[in-house]
Amino acid sequence: MSGPGELDEDDEALAARCAEMTVEQRGHTALLALWRLRAPLLVLGLDPGWGIHRSALEAAFRGMLLPLHDEPLPDPGPLFTSPPEAEPEGVVAEVQLEVLAELHAWTTAREPGAEEAERVIRLARDLSRSLDRSCEDSLWDHPARHAHARYLATVAGGGTAVGYHEARNLRVEAACQDLVAALPPGAGLPGTAAGREALALCEAFSAELVSTLAWRENLGY
């Protein structure tokens, strides 16, 4: 795959979009990008050597849903003293370490600027694109390849050059952008129908990442 494809936007366009968002909109958008990467941390299990407990992760993600100006988040324990410093062994660990680094950044600055919001949006895009390339390199076909092909045939009239996970992420990202823009000022994601819909879209995508990552890890290269 040579590039992000027709559904993506260039660097300047994404940077401009993030700069135009309000502080609240940037916070919601960055949170949702991380939410799309949440399940690989909670479901697939972390390396015990990292010293990170699932309960700390769950607390961190629950804390992300609190309004920006609530009381400071409680200390989630050993997770956020610093991100794990380790060499990833396998595609799952590689994804988890990148997400943990962004999650650590979130807990230290809950009101991301334009550059921070752009970075976490790009993380979801890049990991999705990387997973598609990893699947292409596999000697085995993805179990859902036919369903993926049917989905891609409906995207951009079938003319898109992106893979399935990248296309799905970009579509969810766009839907969340519209939902966040419709939120009234001061509204939290869990307390609004639009916010709950955005979270549900991200959770569904995150579950698909888990399925593909687990398949890819079990098969190896």
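The values are calculated or read from the model by the stated rules, or taken from the named source; none is laboratory data. Source: prediction; values computed, not measured. Note: ideal-geometry Cβ built from the backbone for every residue, glycine included; neighbour counts use all protein chains shown. With ligands, DNA and RNA removed, areas are computed over all heavy atoms of the protein, side chains included. Shrake-Rupley method; radii C 1.70, N 1.55, O 1.52, S 1.80 Å.
Observations, loosely collected:
- Each label point was placed 7 Å from the Cα along the Cα-to-Cβ direction; for Asn218 and Glu136 their separation is 2.5 nm.
- Ranked by how many other beta carbons lie within 10 Å on average, peptides 193-204, 121-132 from highest: 121-132, 193-204
- Glu58/Asp178 FRET efficiency (R0 41 Å; Cβ-Cβ; nearest 0.05): 0.90
- Ranked by the mean number of other Cβ atoms within 10 Å of their residues, highest first, the peptides 88-95, 38-45 come out as 38-45, 88-95.
- Calculated FRET value between Glu87 and Arg122, using beta carbons and R₀ = 22 Å, to 0.05: 0.45
- Our estimate of slack between Leu42 and Ala187, defined as 0.36 nm per intervening residue step minus the Cα-Cα distance, is 49.5 nm.
- Accessible area in the full protein assembly, largest first, 1.4 Å probe, for Tyr151, Tyr164: Tyr151, Tyr164
- Dipole magnitude of the stretch 97-190 about its Cα centre (Cβ charges: Lys, Arg +1; Asp, Glu -1), debye to nearest 20: 300 debye
- Residue-level accessible surface for Met21, protein heavy atoms, 1.4 Å, Å²: 30 Å²
- Distance from the alpha carbon centroid of the stretch 116-142 to that of the stretch 162-220 works out to 14 angstrom.
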